[in-house]
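Please read the structure below before turning to the comments.
The values are calculated or read from the model by the stated rules, or taken from the named source; none is laboratory data. Since this is a predicted model, take the numbers as computed values, not measurements. When we count neighbours, we look across all protein chains shown, and the Cβ atoms used for this are built from the backbone with ideal geometry, even at glycine.
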Amino acid sequence: MAVSTSKLVCRNVWKIFGTGAREFLDDAGTQADIGALRRNGLVGAVRNVNLEVREGEIFVIMGLSGSGKSTLVRCLSRLVEPTAGEILFNGENLLAASEARMIEIRRHQMGMVFQHFALMPHMTVLANVAFPLDVQGMGREAREARARRMIELVGLSDKEGFFPRELSGGQQQRVGIARSLAVEPELWFLDEPFSALDPLIRREMQDEFMRLQSVLKKTIVFITHDFDEAIRLADRIAIMKDGAIVQAGTPEDIVLNPADSYVAEFTRNVARSKVVRTASLMRSLDGGAQQDITATVSARATIAEAAPLFSGTVDRMRVIDRDGSAVGILDRAAVVELMMQG
C-alpha cells in the first residue's frame, strides 16, 4: 500500500472528566493509573494516547463499549476538548488553534460520519448533501453541482428529491457519507457508521465503503467495536481498553502476535485466513514466467477472500496493488497450507 507522510499525530493525549483534572495530571504525570484517577473522583476517558495516522490509510480504532474510542475521535477533531497532549494535523497543533481556526478546519478539511445519520428531515437528499457547502458560503449552483457528484458517487442519483423518511437505513447512511464527502475532506472520521444497520445491509455498506476508498484514497479514522469489521477494512488497528491503547498494528500483527491476554481474548476466534492478506503470502515476481498468469487478486484481499478464486485450473494468481500494478504471485499451495492451519 502506498502511504507516505503522517496526516495526523497524537502525542500523550488525555481526556479526564471531573473537577481538578488538569491539576491532577500536572501532579501525577503520564504515570497516572486508573486507581489513582478513581481515588480522586476522576474518569480517564482517554489516557496517554500516542498514535500516528498516515496519509491515505484506513486507521481503525476499536474496543468494547466504554473503552474510550468515541471520546478519542472527538478529541482528534476537538469536538471534545482534550485535557492534555498534542494533536498534529498536517504538522499544525490543533490544541493551540483558536476556535475560529478549528471551525475553518472542520468545515474545509475534515469530514465526519456518525452512527446516527442526523439528516435534516425537512430537506431532500440533494439539500442534505449540499448543506455543509451552504454553511461554507458556496453559491447554490456550485454546491448543488458538487452535491450531485457525491450523490452519484454513493449510488443514489435517482433519490435526489427524496426526503430521509422515504429512504431505507442503508440509503440514509449513504446520504450521510455523501454529505461528509461534499466538503472534500483531507481527513475523514467515521464513528461506528454501520452499527445501526442490519447485518446484510452492513456488509453491503462495508463493500461500498471499500469501493469509495479505492476511488478517493482518503485518510480515514474509523471507529468500531466489531473485530470482523475492523480486520476487513483496516490497514492498521489500534485496540483500546479503559481509555488507553493496548496494541496498534496491522490486523495480521494483532491476530498473530497479541500484546497481552486482553488482545489475545479479543482475537481468539479469528481464523488466520481472515486476516493474512495476499501481500503477506505472495512470492516475488519471476520475470517472464508471470506472463501466462491471467487471474489476478488484490494485494489487500485476505486469504479467505482469495481462496475461492483458485477454481478449475487456476494454480497461480498475479497479485496487484491499488494502481493495478503486479507486485507478486500467489500460489494455490501456499493458500491451502495456511488455511489448514485454522
For the range 137-148, give me each residue that is assigned to a helix (DSSP H, G or I) and surrounded by 13 or more Cβ atoms within 10 Å (Cβ to Cβ). 143, 144, 145, 146, 147, 148
From the option list 235, 242, 226, 260, single residue qualifying as outside the structural domain of residue 331 (by TED's automatic domain parsing), without any contact (Cβ under 8 Å) to a residue 24 or more places away in the chain and touching a strand residue (DSSP E or B) at 6+ places or on another chain (Cβ under 8 Å) is 260
For the range 11-41, give me each residue that is surrounded by 20 or more Cβ atoms within 10 Å (Cβ to Cβ) and modelled with pLDDT of 95 or more. 13, 14, 15, 16
Does residue 230 satisfy the condition of being part of a helix (DSSP H, G or I) and either farther than 19 Å from residue 57 by Cβ or among the hydroxyl-bearing types (Ser, Thr, Tyr) (or both)? no
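Every residue, every condition in (1) at pLDDT 90 or above; (2) closer than 30 Å to residue 44 by Cβ, yes or no:
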residue: 166; (1), (2): yes, no
residue: 169; (1), (2): no, no
residue: 176; (1), (2): yes, no
residue: 195; (1), (2): no, yes
residue: 208; (1), (2): no, no
residue: 223; (1), (2): yes, yes
residue: 227; (1), (2): no, yes
residue: 233; (1), (2): yes, yes
residue: 247; (1), (2): yes, yes
Look through 135, 183, 175 and report the one residue that is touching a His at 6+ places or on another chain (Cβ under 7 Å) and closer than 30 Å to residue 8 by Cα. 183
Considering only helices (runs of 4 or more DSSP H) wholly within the range 1-117, the ones with at least 2 residues that are within 30 Å of residue 129 (Cα to Cα) are 69-76, 99-108
Can you spot a residue in the range 309-324 that is in a loop (DSSP other than H, G, I, E, B), over 27 Å from the mean Cα position of the chain (by Cα), under 28 Å from residue 267 (Cβ atoms) and touching a residue at least 24 places away in the same chain (Cβ under 8 Å)? yes
Have a look at 80, 53, 60 and point out the one that is touching a helix residue (DSSP H, G or I) at 6+ places or on another chain (Cβ under 6 Å) and closer than 30 Å to residue 328 by Cα. 60
Condition first: more than 25 Å from residue 173 (Cα to Cα), surrounded by fewer than 20 Cβ atoms within 10 Å (Cβ to Cβ) and of a type outside the set (Phe, Trp, Tyr). Can you find one or more residues in the range 68-81 that meet it? yes
Quick test of your reading of the structure: residue 120 fulfils all but one of (1) modelled with pLDDT under 90; (2) surrounded by fewer than 21 Cβ atoms within 10 Å (Cβ to Cβ); (3) among the hydrophobic types (A, V, I, L, M, F, W, C). Name the failing condition by number. (1)
Looking at the range 245-257, which of its residues are within 16 Å of the chain's Cα centre (by Cα) and either in a loop (DSSP other than H, G, I, E, B) or not assigned by TED's automatic domain parsing to the domain that holds residue 48 (or both)? 250
Condition check: touching a residue at least 12 places away in the same chain (Cβ under 8 Å), in contact with a helix residue (DSSP H, G or I) (Cβ under 6 Å, 6 or more places away or on another chain) and basic (Lys, Arg). Does residue 22 satisfy that? no
Residue that is farthest from the chain's Cα centre (by Cα), among those in the range 289-302 that are in a loop (DSSP other than H, G, I, E, B) and under 26 Å from residue 229 (Cβ atoms): 299
Residue by residue through the range 120-136, note down the ones that are assigned to a helix (DSSP H, G or I) and not aromatic (Phe, Trp, Tyr). 125, 126, 127, 128, 129, 130, 132, 133, 134, 135, 136
If you go through the range 154-165 one residue at a time, do you hit one that is assigned to a helix (DSSP H, G or I), surrounded by 18 or more Cβ atoms within 10 Å (Cβ to Cβ) and either out of contact with any Asp or Glu (no Cβ under 7 Å at 6 or more places or on another chain) or not hydrophobic (A, V, I, L, M, F, W, C) (or both)? yes
Set 305, 265: member being assigned by TED's automatic domain parsing to the domain that holds residue 218 and within 23 Å of the chain's Cα centre (by Cα): 265
